[in-house]
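In what follows, a single structure is set out as C-alpha cells and then discussed.
The values are calculated or read from the model by the stated rules, or taken from the named source; none is laboratory data. Computed from a predicted model, the values in this text were never measured in an experiment. Positions of Cβ are backbone-derived with ideal geometry, glycine not excepted, and every protein chain shown enters the neighbour counts.
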C-alpha cells in the first residue's frame, strides 16, 4: 500500500513528548520480567563465555549478529556492553515454529545512555514505552515476533530530544491510517516491523515509531511481495532515495515487506533481501572491508528457507592529524598519509628525534568514526619492539656482572629435564641473538601462538601460563638445530629472557623494567598490554584486521568463539618480554635516545652498547645485515643503522636509529587489509622522507610530553623532579 509522501515539516504535539534530560550512565535491559522466562543476569556480574553462531562479525566500530539463540545473545550482550558498544537495531524473529532467534547491530560511538529489552508482552512494552518517554528516551529500534507461539516485542531506547509517536499491534488498515496521520503532522518514520499475530496466520500487525526530526521527502510501503519490494527500491533509488528501514514477515505462508525510503544527502548505500544467511554474511564481510556500516538486519522465513534482508550505508573516512605541525618536516606527514590511506589504516603515530632531541611528534587518523582519537602520546601495542627493552635489561645485568653472555639457560632457570639434551648448551647470547635452536620458519610452529594445542598436550585448561609453554617446549619438543649454529627468529627465546630477569633479580619482569630501564629514562607510559578489548588501557588505540569474523578466545576455558582476532585469539599477557608492551611513539623515541652518544642518562655504557650491536659469529644475511642483541644492524658508511619491526594481528611497528643521529618510531593499528599491499614499505618511505629534509628544528619537544629535555642535560632533569 502506498503512503502519502512527506511534503511539509510541521511541529505538533503527539502521543508522547520526549526531551533530553541529564541522565546518569544507564543500560537497563534484558528479558521482560513479566515474561515466563529466567531473569536476565545482572550486567555487572561475571562475564559468561559463549559460542555464538557463525553468523556474527565484529570490528572495533560495529557488530553484526544474525540469528543468535537467546542464551548466546544474552552472553554476547554482557560482553559487548562491557566493551562500550550499544545496540542500534534488535530484531526478534520467528525462526521456524520454535524459539525466536535474535539479530542485532551494535556500534561503539560513545552515545549514552540507552536501554534495551526483549521478550516483552504488549502490556510490558507499553509500560516501558511510557516510562522511558518520561525519562527522556526515544525508541530507535522496535520489533514484533512470535516466540514459541507467543507474541512478544523487543526494543532499544536512546536518550534523545525529539518528539515521537509510536504504535504496536495495529492492523494493516489501522497502520495505514496512522501513517497518513503522521505524514500530515510532519513526522518522519524511524522504524517499522510487521509480524503475524497469535494463531491466525492471515493477520498482519505492525509496530512503528515516527519522530519530529528534520524533514526529507519520503516513500513508505507495506504489504509488498519480494518482487514488489525489489521494484519499489529500484524505482526510488533511481530518484535518489535510499532505504532507511525494511521489515520482512510471513503471513499465511507468503513473505511480505514493509519499508521506508528517504531522499537526503546520503547517496552511497547497499540493500539486500531474500539472501540466505551464509551468503549474506559473506557479503557483509566485503561491505565491512569497504567501509559500509549495517543499519538494518532482518531474518525471516520464506517457506522452509531462512532468508535475510539488510541495509548498509557508507562511512566516509576523514584524514585528521594531531601534534604540532612543522612545514619543514611535512615530508614525514606526506609519507605517512600516503601509506595509511593506500591501506585504509585507521590510526598511526610518529616520533622523530635528531641528536636525541624530539623534533616531530604526530598522531594520524584515517577513519569514518568520531571515537578513538590518535595523538602522539596514544598507546599502541608495539609487538616485537618489546625485544629491545628486554635486551637492554639483560645487557644491564651483564654490565653489572649479575649475568654473563656465556651463562647457560639451564643453569639460570630451574627447568624440568629436557627432552633434547642440547638445551643444556643454550647460552644467554644465543637467546639474545635468536641462535637458541628453535626454527619456526621450517616447522611453522611458534609456541607463543599455540595456546589450544599446548593446553591439550599439557592437559591443562585455558588460559595457559608462561610456564605451561616452557614445560611443553622443554619436555615434549626437540630442538630444531644445535644452539649457536643458525639464526632463526624466536619469540620463545625472548620469553625465556624475561623469566631469566625475574629469576636473577627476584622482581616481576614489568616491575624490574620500570625500576631499572624505563624509570631512569623518565618513562612511565610504557606498560604491559591486555588481550581482551574490554581491558584495554585508557588512551590505547583499537586494533583492526581485515577479516571481521570471531575467533576462539584463548583467555577463557573452552576457547569460546567470541573475540575479534586482535583481542583474545592470542595471549598477549604471556608475551610480556617479547611482544607484550604498549607504548607511545614519543616514549619509544625517548628509549631509543638511550643508545645515542648525545642521549640523556644512558642506561648502558658505550662498551655495553658496542656489545649489543656487535657482529655475531653466526647469522650474517646476504645483504650484510645481522641480528645483534635485540636489534637488527647494518653498516651505513663508516657507521651503522640499527632498527627493528613489530607485527601482531592489528599491529605494525617500526623503530629506526640512523647513523647520522636521526631516530624515528612509527606505530600503526593494523597490519593487513584487502588491498594486499606490503606493510614493510613504511621503512623505505620514512628513510626517503628523512633524507629529503633540508632544515631541522632546533628545539626539543620532549618536555611537551612530560619527558626531560636533552638540551639542558642533568640540571634540567633535576629541575623537573623538584617541580
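What to note about this one:
- In region 528-539, of all residues being touching a residue at least 60 places away in the same chain (Cβ under 8 Å) and crowded, with 19+ Cβ neighbours inside 10 Å, the one that is nearest to residue 381 (Cα to Cα) corresponds to 529.
- Annotation for region 219-227: at least one member residue is modelled with pLDDT of 95 or more, part of a helix (DSSP H, G or I) and more than 15 Å from residue 260 (Cβ to Cβ).
- Residues in region 435-449 that are closer than 24 Å to residue 389 by Cα, in a loop (DSSP other than H, G, I, E, B) and out of contact with any helix residue (DSSP H, G or I) (no Cβ under 6 Å at 6 or more places or on another chain): 435, 437, 439.
- Number of residues in region 88-99 that are modelled with pLDDT of 95 or more and over 15 Å from residue 308 (Cα atoms): the value is 1.
- Filter result for residue 265 (surrounded by fewer than 20 Cβ atoms within 10 Å (Cβ to Cβ), more than 24 Å from the chain's Cα centre (by Cα) and within 27 Å of residue 192 (Cα to Cα)): yes
- Of all residues in region 670-713 being over 33 Å from the mean Cα position of the chain (by Cα) and outside any loop (DSSP other than H, G, I, E, B), the one that is modelled with the lowest pLDDT: 713
- Only one of the numbered conditions (1) out of contact with any helix residue (DSSP H, G or I) (no Cβ under 6 Å at 6 or more places or on another chain); (2) assigned to a helix (DSSP H, G or I); (3) in contact (Cβ under 8 Å) with a residue 12 or more places away in the chain is not met by residue 500, and that is (1).
- All positions within region 228-247 that are surrounded by fewer than 18 Cβ atoms within 10 Å (Cβ to Cβ) and either part of a strand (DSSP E or B) or under 37 Å from the mean Cα position of the chain (by Cα) (or both): 230, 234, 237, 238, 240
- Residue that is part of a loop (DSSP other than H, G, I, E, B) and at positive phi, where the choices are 377, 372, 324: 372
- A single entry from 293, 250 fulfils the requirement of being within 30 Å of residue 682 (Cβ to Cβ), touching a strand residue (DSSP E or B) at 6+ places or on another chain (Cβ under 8 Å), in a strand (DSSP E or B) and not assigned by TED's automatic domain parsing to the domain that holds residue 693: 293.
- Every listed requirement among (1) surrounded by fewer than 22 Cβ atoms within 10 Å (Cβ to Cβ); (2) over 17 Å from residue 296 (Cβ atoms); (3) touching a helix residue (DSSP H, G or I) at 6+ places or on another chain (Cβ under 9 Å) is met by residue 218 save one, (2).
- A single member of 332, 308 is assigned to a helix (DSSP H, G or I), touching a strand residue (DSSP E or B) at 6+ places or on another chain (Cβ under 7 Å) and either surrounded by fewer than 20 Cβ atoms within 10 Å (Cβ to Cβ) or on the phi < 0 side of the Ramachandran plot (or both), and it is 332.
- Any chance residue 431 is in a helix (DSSP H, G or I) and closer than 27 Å to residue 573 by Cβ: yes
- Among all residues of region 402-425, there is at least one that is in contact (Cβ under 8 Å) with a residue 24 or more places away in the chain and closer than 14 Å to residue 629 by Cα.
- Only listed residue being in the same structural domain as residue 430 (by TED's automatic domain parsing), in contact with a helix residue (DSSP H, G or I) (Cβ under 7 Å, 6 or more places away or on another chain) and assigned to a strand (DSSP E or B), chosen from 393, 351: 351
- Flag for residue 190 being in the same structural domain as residue 221 (by TED's automatic domain parsing), at pLDDT 95 or above, in a helix (DSSP H, G or I) and in contact with a strand residue (DSSP E or B) (Cβ under 7 Å, 6 or more places away or on another chain): no
- Residue that is out of contact with any helix residue (DSSP H, G or I) (no Cβ under 9 Å at 6 or more places or on another chain) and without any contact (Cβ under 8 Å) to a residue 60 or more places away in the chain, where the choices are 558, 568, 624, 619: 624
- When every residue of region 603-612 is checked against the conditions, none turns out to be in the same structural domain as residue 455 (by TED's automatic domain parsing), in contact with a strand residue (DSSP E or B) (Cβ under 9 Å, 6 or more places away or on another chain) and under 18 Å from residue 668 (Cβ atoms).
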